[in-house]
Amino acid sequence: MDASKLLHVLNDLSETDESYIQELIQNLKSYIRNNNSDEITNTIQEIKNEIKLSTIEKYNKSDFEILEKIGGRNYYGKWGEYTLDDILTINSYNVNKTIEDLQEYADDRKDFTDRIERVLDDLNELGIKIHKPSGNNFEIGLLMPDSYTHKKIPFITKDLNRWDKIFKTFKELNGETPDDSELNFVSNGSLQFFIDNSPEVAVCLAVAIERIVNIYKKITEIRVTRLKLKELGINTTEQKSIEKQEKEILNNEIDKISLDIIKDFATKNIEKGRINELKIAVKGHVTYIAKCVDGGMTIEINSPEVNEPKTDGKAASEANKLKTDYDKILKQVELTQKSMDVLKTIGKTGIDIVKYLGNGNAEDENENTETE
């Protein structure tokens, strides 16, 4: 676990008013003891409001893994709500046991938050800086579990090279120089690579991911239905017909995503011949991203901190530009967050939808489409 990412998570957790939460828990115990139902309901909701940090709810996998490793999952966000509900319902018939469990929860929570404050002080005193994307850049994370890489260097380097090509293509589409990707941060455990990219590249990838996930969910539903029909004895001809439709849907959707990305993101100054090459490249990239998702890779897009600009004393033209730029980056943050939320809904992967699409190596077969 990297200290700079740990500091980022601890800093978020320290936003809670722990003394107020402890006060609410003590009040709740008193209301339960006196069977004051109205105050019980109100206090439970107030505790949940305090522990439901919006920052935690938006965590991507790498940050949530840190929260789990340090033992804080059950104190914050929806998991904190689940924990509180469990305490209040498991022994609801036994008031004394419920009060005892609430006190134990309060003690454990206080011990955890005290340790957070001590570690925060130590990390800050040591000069550790919070890990975050630089400037207005978005950080794209590629989290590769051992089941994906098999701990083999050739697999890892092949994936990183392919993702470098994806970033270069998306940069070119948006009118940026297709420079080599630079690793901003590397973490171990499951291998985690983080690369800074522009907001435009991040949004381009976010759109592709969201659309791929929606296809994945659709094909998963078709696959499950087909297997149920097989169990019910539907004849082979009908099963093959459904499988053929599954393949057609998948190929058509991949084509549509690729064309939409070109339509929505390609700058007007790219020459027609190059656009045709990029269409082939983008289709290969979309297929490859689907393969990565299906293989168990987690793709993250972490947005920068966005602060509303100060326009006092600025000329009208400058103030308007600052406001326009601020609104634009907020919209980009919103789009990428929506994509990450959709990705979290995928559930179990590994249904091998890309068997109909080859290996996603359209570029390997058409080397002239690569962005050098």
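The table below gives the values:
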{"read-out": "Sole exception among (1) at positive phi; (2) assigned to a helix (DSSP H, G or I) for residue 121, by number", "value": "(1)"}
{"read-out": "Within segment 311-342, tally of residues that are part of a loop (DSSP other than H, G, I, E, B) and touching a residue at least 12 places away in the same chain (Cβ under 8 Å)", "value": "1"}
{"read-out": "Check on residue 276, assigned to a helix (DSSP H, G or I) and loosely packed, with under 14 Cβ neighbours inside 10 Å", "value": "yes"}
{"read-out": "Residues of segment 217-242 satisfying the condition of being open to solvent by less than 60 Å² (accessible area, probe 1.4 Å) and charged (D, E, K, R)", "value": "223, 226"}
{"read-out": "Hey, residue 283 open to solvent by 20 Å² or more (accessible area, probe 1.4 Å), in a helix (DSSP H, G or I) and in contact with a Leu (Cβ under 8 Å, 6 or more places away or on another chain) or not", "value": "no"}
{"read-out": "Some residue of segment 128-136 being assigned to a helix (DSSP H, G or I) and open to solvent by less than 50 Å² (accessible area, probe 1.4 Å)", "value": "no"}
{"read-out": "Hey, residue 151 assigned to a helix (DSSP H, G or I) and either without any contact (Cβ under 8 Å) to a residue 24 or more places away in the chain or open to solvent by less than 50 Å² (accessible area, probe 1.4 Å) (or both) or not", "value": "no"}
{"read-out": "Selected residue (only one of 248, 182 is within 30 Å of residue 66 (Cβ to Cβ), exposed (fewer than 13 other Cβ atoms within 10 Å of the Cβ) and at pLDDT 80 or above)", "value": "182"}
{"read-out": "Single residue of 195, 219 found to be of a type in the set (A, V, I, L, M) and part of a strand (DSSP E or B)", "value": "195"}
{"read-out": "Selection from segment 172-224 of residues that are touching a residue at least 24 places away in the same chain (Cβ under 8 Å) and β-branched (Val, Ile, Thr)", "value": "195, 201, 203, 207, 209, 212, 213, 215, 219, 220, 222"}
{"read-out": "Residue 294 open to solvent by 90 Å² or more (accessible area, probe 1.4 Å), within 29 Å of residue 59 (Cβ to Cβ) and in a helix (DSSP H, G or I)", "value": "no"}
{"read-out": "Selection from segment 297-326 of residues that are over 30 Å from the mean Cα position of the chain (by Cα) and either of a type in the set (A, V, I, L, M) or open to solvent by less than 50 Å² (accessible area, probe 1.4 Å) (or both)", "value": "315, 316, 319"}
{"read-out": "Residues of segment 71-85 that turn out to be open to solvent by less than 30 Å² (accessible area, probe 1.4 Å) and hydrophobic (A, V, I, L, M, F, W, C), as a count", "value": "1"}
{"read-out": "Residue list for segment 54-80, filter: within 19 Å of residue 107 (Cβ to Cβ) and of a type in the set (Asp, Glu)", "value": "none"}
{"read-out": "Matching residues in segment 1-14 - criterion: being modelled with pLDDT of 85 or more and in a loop (DSSP other than H, G, I, E, B)", "value": "14"}
{"read-out": "Exclusive hit being surrounded by 15 or more Cβ atoms within 10 Å (Cβ to Cβ), aliphatic (A, V, I, L, M) and closer than 29 Å to residue 187 by Cα, set 88, 102, 120, 28", "value": "120"}
{"read-out": "Residue that is closer than 29 Å to residue 122 by Cβ, assigned to a helix (DSSP H, G or I), of a type outside the set (Phe, Trp, Tyr) and open to solvent by 40 Å² or more (accessible area, probe 1.4 Å), where the choices are 68, 46", "value": "68"}
{"read-out": "Members of segment 105-117 found to be open to solvent by 60 Å² or more (accessible area, probe 1.4 Å) and touching a residue at least 40 places away in the same chain (Cβ under 8 Å), listed by number", "value": "110, 117"}
{"read-out": "Condition check for residue 205: within 20 Å of residue 135 (Cα to Cα), out of contact with any Gly (no Cβ under 7 Å at 6 or more places or on another chain), hydrophobic (A, V, I, L, M, F, W, C) and open to solvent by 10 Å² or more (accessible area, probe 1.4 Å)", "value": "no"}
{"read-out": "Scope segment 251-273; condition of a type in the set (Ser, Thr, Tyr) and surrounded by 13 or more Cβ atoms within 10 Å (Cβ to Cβ); matching residues", "value": "258"}
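The values are calculated or read from the model by the stated rules, or taken from the named source; none is laboratory data. Everything quoted here is computed from the prediction, not taken from an experiment. Cβ atoms come from the backbone with ideal geometry, glycine included; neighbour counts cover every protein chain shown. Calculation scope for accessible area: heavy atoms of the full protein, side chains included, ligands and nucleic acids excluded. Shrake-Rupley method; radii C 1.70, N 1.55, O 1.52, S 1.80 Å.
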